[in-house]
1. Under 5 Å between amide hydrogens, which residues at least 5 positions from A:V187 or on another chain qualify, with H placed 1.01 Å from N in the peptide plane?
2. Mind listing the phi-derived Karplus ³J(HN,Hα) values for region B:50-57, rounded to whole Hz, using 6.51, -1.76 and 1.60 with θ = phi - 60°, and x for any glycine or proline?
3. Give me the lysines in straight-line cross-link reach of A:K305: C-alpha distance below 21 Å, same-chain residues under 8 apart excluded.
4. I'd like the Karplus ³J(HN,Hα) series for region A:79-96: coefficients 6.51, -1.76, 1.60, θ = phi - 60°, whole numbers in Hz, and an x wherever there's a Gly or Pro.
5. Could you work out how far apart the two model spin labels at B:I130 and B:L42 are, taking each label as a point 7 Å from the Cα in the direction of the beta carbon, and quote it in nm?
6. Under 5 Å between amide H atoms, partner at least 5 residues away or on a different chain: which partners does A:Y162 have, H built in plane at 1.01 Å?
7. Is region B:46-171 best put as rounded, prolate or oblate by its Cα gyration tensor, with a ≥ b ≥ c the root eigenvalues, rounded for a/c under 1.5, and otherwise prolate when a/b is larger than b/c, oblate when not?
8. Based only on the alpha carbon positions, what is the Kirkwood hydrodynamic radius of region A:179-258, in angstrom?
Amino acid sequence: MDAVAWRRGRLSLVLLAVAAIAIGACTSGGGTTTSEAPASEAPMSEAPMSEAPMSEAPASEAPASPIAGGLLDKVMTAGKIIMSTDPQYPPQSELTAEGNYEGFDIDVGTEIAKRLGVEIAFETPSWDVITAGSWGGRWDFSVGSMTITSPRQEVLDFSDPYYYTPAQMAARTDSGITTLDGLAGKVICVGAATTYLDWLNGSLDFGTESPQTTPPEGATATTLDTDRLCAEAWRAGRTDFDGWLSSSTTVQAAIDDGLPVVAVGDPVFFEPLAVAFDKSGPDPSDMVTRVNAILAEMHADGTLKTMSEKWFGLDLTEKQG
Amino acid sequence: MGIGRGEQIGTAVAPGRVHQTMDPIVDQIARQRSRKQVRFRLTVFGTWIVLIGVLIGGLWLGGKINLDFLRQWQAYILGGVPLTLVISASSIFFACILAIFGALGRLSSNAVVYGVASFYVSLVRGTPLIVQILFIYLALPQIWQGFAGIPAITLGIFALSFNYGAYMTEIFRAGIQAIPRGQIDAAHAIGMTDRLTMRRVVLPQAIRIVTPAIGNEFIAMVKDSALVSIISVQELLWRAQTVGASKFRTLETLLLAALVYWVLTIAFSLLQDRLEKRMAESDRRI
């Protein structure tokens with residue numbers, strides 16, 4: 001009698017385990033879609049795509065016949081464009097508590113999609129994956145404040161710049177450093193795969209021109225995953241580097257947040273930031289032409305300026321320096 | 001009377017009943033022991049509470065933790081827990097399937113089948129899991145473009161299953177080999193074929209033997225699932241890290257993520273304990 005009882009108990013236990021695993025496996029499909037849903041819905045609530053027919057963008061006439069199999073063709077057929085964004089980078093891109101995205105780049109990307117007449121969705125690969133190219137069609141374009149550089153142009157196609165940010169050197173407050181030269185021989189922290197790293201290494205090249213400034217004598221670079229971690233490392237009390245080079249907007253955000261950071265000297269260079277497309281994917285040439293037309297329009301009608309003032313508090317859409 | 005007592009001692013094999021029939025002194029010693037045990041457990045529990053209180057209270061009193069920030073973001077960060085669990089559960093499921101085939105291959109007398117199985121186990125166990133995940137996400141699409149169309153979460157589950165399948169192959173192999181040779185001989189003697197022996201005699205017992213081990217692997221998987229955050233699967237760690245980095249608040253978010261993993265691990269360990277006891281119980285009754 002005992003034997004039968006434990007046999008049944010054992011059987012039901014095994015069945016329960018199998019059922020639990022099976023349920024887990026079944027719901028995984030559902031989990032995938034729900035996890036991505038908020039991302040694609042985010043911009044919809046801000047700018048309903050259904051009310052943005054192509055006729056709203058008269059100045060950006062489509063090229064006579066998009067190359068069959070080109071990126072523009074692919075996006076128009078799908079009715080959706082997927083944008084890569086790095087939500088660790090406010091005010092360009094960050095998460096809201098509801099899990100949506102917001103920021104300057106998000107607004108620009110959403111506006112481009114709206115004027116293309118397609119919906120927008122977001123992917124969040126890490127920065128070095130975006131700049132490395134070979135996206136494999138996982139996302140269609142990057143509106144990620146990417147600087148146009150020669151090495152990146154080998155794998156990516158760029159639009160015209162949509163705004164320009166000053167690169168600002170900063171120092172740890174208690175380091176006592178107040179000038180750019182004060183960082184001579186010091187270690188400077190930058191985000192991985194950034195133009196700030198290239199500048200420190202003396203290899204920054206915008207393609208048509210190069211910055212005229214040179215790094216402090218004998219300064220060396222160290223990298224963290226993303227720019228902001230440098231400032232956070234200082235707050236945590238780390239002293240293994242004294243300088244931090246990032247965009248002036250990021251440096252200002254850190255200062256506003258009460259981190260032990262001071263801006264040092266004038267901006268060391270101004271970088272042209274553009275929309276990027278993958279060269280290894282469907283031919284992006286039509287798309288570049290189309291996006292350039294849309295950006296020119298957004299420059300002309302003040303949309304970009306309004307967005308810049310909303311997120312940065314100043315107009316960064318004109319070339320400076 | 002005397003005979004009755006003698007009979008009782010003779011039949012009192014169940015350990016739980018022994019001291020009831022013994023002298024009062026023995027009874028007292030047993031009670032003292034159990035009281036000591038209870039006191040020990042209570043002290044351990046108390047120490048835990050104090051340690052947790054000191055850790056969290058210290059950080060909070062030191063003004064290091066911004067509770068308002070956590071309150072604002074906890075819903076979003078904790079929203080990654082279901083995904084973490086779904087990834088872990090489905091990865092363990094597929095890993096089990098891989099492991100069964102892996103184990104049968106490792107026990108096969110066919111040299112090619114054995115070769116394939118041992119190659120799989122060696123390849124996976126000889127490379128870091130994080131390399132496997134990055135390779136599947138970044139490198140494979142460059143070999144075959146179609147791979148890029150697969151969502152990152154599927155690739156993450158694939159990488160975890162592929163990895164754990166190899167480790168669990170050894171667990172399943174041990175489970176199958178734990179069945180005494182005599183049972184297989186006996187099955188053959190009554191005319192069962194190899195296949196039938198495997199299905200009716202070996203596998204049912206082997207599955208019971210490895211079930212607690214699968215539970216262990218699941219607990220390890222819950223923690224390793226954090227690795228798929230590097231291919232931008234938006235599970236618990238990805239959410240914690242992204243929120244933390246962009247708001248300069250990694251202390252709060254990583255602390256929250258660590259606590260959640262810890263609580264999950266404790267909860268599943270308790271389940272695992274019960275499962276293991278249950279399995280051991282049936283062994284004892286045999």
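1. So A:V187 has HN proximity to A:T220, A:D242, A:G243.
2. 4, 4, 5, x, 5, 4, 6, x
3. A:K114, A:K319
4. Going residue by residue, I get x, 8, 10, 9, 10, 8, 8, 10, x, 9, 9, x, x, 6, 7, 8, 8, 9 Hz, with x marking Gly and Pro.
5. 4.6 nm
6. For A:Y162, whose amide H was placed from the backbone, the distant partners under 5 Å are A:L273, A:A274, A:V275.
7. Working: a/c = 3.17, a/b = 1.91, b/c = 1.66.
Since a/c reaches 1.5 and a/b is larger than b/c, the shape of region B:46-171 is classed as prolate.
8. On the way: mean 1/r = 0.0763 Å⁻¹.
Its Kirkwood hydrodynamic radius stands at 13.1 Å.
Bear in mind these aren't lab numbers, they're just calculated from the coordinates by the rules spelled out. Since this is a predicted model, take the numbers as computed values, not measurements. Don't worry about glycine lacking a Cβ; one is built from the backbone with ideal geometry, like all the others, and counts go over all protein chains shown.
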